[in-house]
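Scroll down for the structure; my scribbles are underneath it.
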Amino acid sequence: MSSNRLLGRSWGLNRGEESFLGVPVGMITLAGCSAACLFCYLAAAEAHPVALDPSAFVAIAQDLARRGATCLYLVNPEVSCHELLGEALAAVRRLEPEWPIVLKLGGHEPLALARALRPWTDAVSLDVKVFGPADAATVVGCPDYAERVRALADFWRTELGPWPGDRPTPQGVWFRHVVLPERAHGWGDGLRAVDPTGRVPVWVTLHYRPFGRARQHPVLGRRLEAAERQAAVEVARGLQREGRTVWLA
Ligand code: SF4
């Protein structure tokens, strides 16, 4: 459910996101998320949400653009008022027409959000977190996660198309996936189910680090072991042999 406010959580230049976006990206993270990921990196950090009106949001975005950000990388738009956010993004588009607007989505968000933000969205980084129903319930806290992420993937693939990866500015949708401990073998089949077309590229990282409640988890509290990393690389190679674009980070 969206609120009647636009709540900023944090913003600044960021060098840690998908490498193909260039550095730095101009990250604005909004407050509020209906998922409950064990490894939520936002939950692990201090948060003092600030109510922003659209003009304040635009001023932040323009400052990031002036400081050299390659794109606006908007995280967690789920709970903010869609109308206010749309107003702010429309103004950013008007003032910075060449500056790409990238949405970073967790995969659980309702389609209503996607429809509301579609007019100002150039690209979507769809963070496909887990694949099995058990993980959906216990790791993401969202039992119908598989259906939700599949619906979002279908929506953005249809609306924007898959990002071809060879353009100077990002346009289209790609998946991002962090390989989790004890889940290094199954993620290829999971991605095939999310995107049966095989056209959406995937940015995969093998550098999982436990955050938040995951730090106390018996399995998710550790990094990948060498054998798991190797298994994940083999999965990536299998996907590439099928013609899928997979970037390993
Ligand atoms: S989707 Fe998960 S990791 Fe992302 S903000 Fe929500 S709870 Fe945190």
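Taking the criterion of being within 16 Å of the ligand (Cβ to nearest atom), assigned to a strand (DSSP E or B) and within 21 Å of Glu17 (Cα to Cα), would at least one residue in segment 163-176 satisfy it?
So far as segment 163-176 goes, yes, one or more of its residues are within 16 Å of the ligand (Cβ to nearest atom), assigned to a strand (DSSP E or B) and within 21 Å of Glu17 (Cα to Cα).
For Glu18, work out the one condition from (1) crowded, with 18+ Cβ neighbours inside 10 Å; (2) closer than 24 Å to Pro168 by Cα; (3) away from the ligand (no atom under 16 Å from the Cβ) it doesn't fulfil.
(3)
Looking only at residues that are surrounded by 18 or more Cβ atoms within 10 Å (Cβ to Cβ) and near the ligand (Cβ under 8 Å from one of its atoms) in segment 43-76, which one is modelled with the lowest pLDDT?
Asn76
Among the listed residues Ala90, Ala123, which satisfies the condition of being small (Gly, Ala, Ser), away from the ligand (no atom under 16 Å from the Cβ) and either farther than 16 Å from Ala153 by Cβ or over 13 Å from the mean Cα position of the chain (by Cα) (or both)?
Just one listed residue meets the conditions, Ala90.
Could you figure out which of (1) more than 30 Å from Leu84 (Cα to Cα); (2) over 17 Å from the mean Cα position of the chain (by Cα) isn't true of Leu191?
For Leu191, the exception is condition (2).
What's the number of the only condition in (1) out of contact with any Pro (no Cβ under 7 Å at 6 or more places or on another chain); (2) farther than 30 Å from Ala114 by Cβ; (3) of a type in the set (Asp, Glu); (4) touching a residue at least 12 places away in the same chain (Cβ under 8 Å) that Glu242 fails to meet?
Glu242 satisfies every listed condition except (2).
Can you tell me which residues in segment 126-152 are more than 15 Å from the ligand (Cβ to nearest atom) and in a helix (DSSP H, G or I)?
Matches in segment 126-152: Pro133, Ala134, Glu147, Arg150, Ala151.
Of the residues Pro77, Pro119, Pro97, which single one is assigned to a loop (DSSP other than H, G, I, E, B) and closer than 21 Å to Leu52 by Cβ?
Exactly one of Pro77, Pro119, Pro97 is assigned to a loop (DSSP other than H, G, I, E, B) and closer than 21 Å to Leu52 by Cβ, namely Pro77.
Going by the conditions given, is Arg229 among the basic types (Lys, Arg), assigned to a helix (DSSP H, G or I) and more than 20 Å from the chain's Cα centre (by Cα)?
Answer is yes for this residue.
If I filter segment 101-115 down to residues being more than 12 Å from the ligand (Cβ to nearest atom) and surrounded by 19 or more Cβ atoms within 10 Å (Cβ to Cβ), which single residue comes out as farthest from Ser19 (Cα to Cα)?
Applying the filter and picking the extreme gives Leu113.
Does segment 206-228 contain any residue that is among the β-branched types (Val, Ile, Thr), surrounded by 16 or more Cβ atoms within 10 Å (Cβ to Cβ) and under 22 Å from Thr138 (Cβ atoms)?
The answer is no, given that none of the residues of segment 206-228 is among the β-branched types (Val, Ile, Thr), surrounded by 16 or more Cβ atoms within 10 Å (Cβ to Cβ) and under 22 Å from Thr138 (Cβ atoms).
Residue check, Gly141 against (1) closer than 15 Å to His177 by Cβ; (2) of a type outside the set (D, E, K, R); (3) touching a residue at least 60 places away in the same chain (Cβ under 8 Å), all met but one. Which one?
(1)
Which of the residues belonging to segment 171-188 are over 14 Å from the mean Cα position of the chain (by Cα) and farther than 17 Å from Val204 by Cβ?
Matches in segment 171-188: Gln171 only.
Test each condition in (1) at pLDDT below 95; (2) out of contact with any Asp or Glu (no Cβ under 8 Å at 6 or more places or on another chain); (3) within 12 Å of the ligand (Cβ to nearest atom) for Gly32 and report the one that comes out false.
(2)
Could you check how many residues of segment 177-207 are touching a residue at least 40 places away in the same chain (Cβ under 8 Å) and part of a loop (DSSP other than H, G, I, E, B)?
Total satisfying the criteria: 16.
The values are calculated or read from the model by the stated rules, or taken from the named source; none is laboratory data. Treat the numbers as computed from the prediction; the structure is a model and nothing was measured. Using ideal geometry, Cβ is built from the backbone for each residue, glycine included, and neighbour counts are taken over all protein chains shown.
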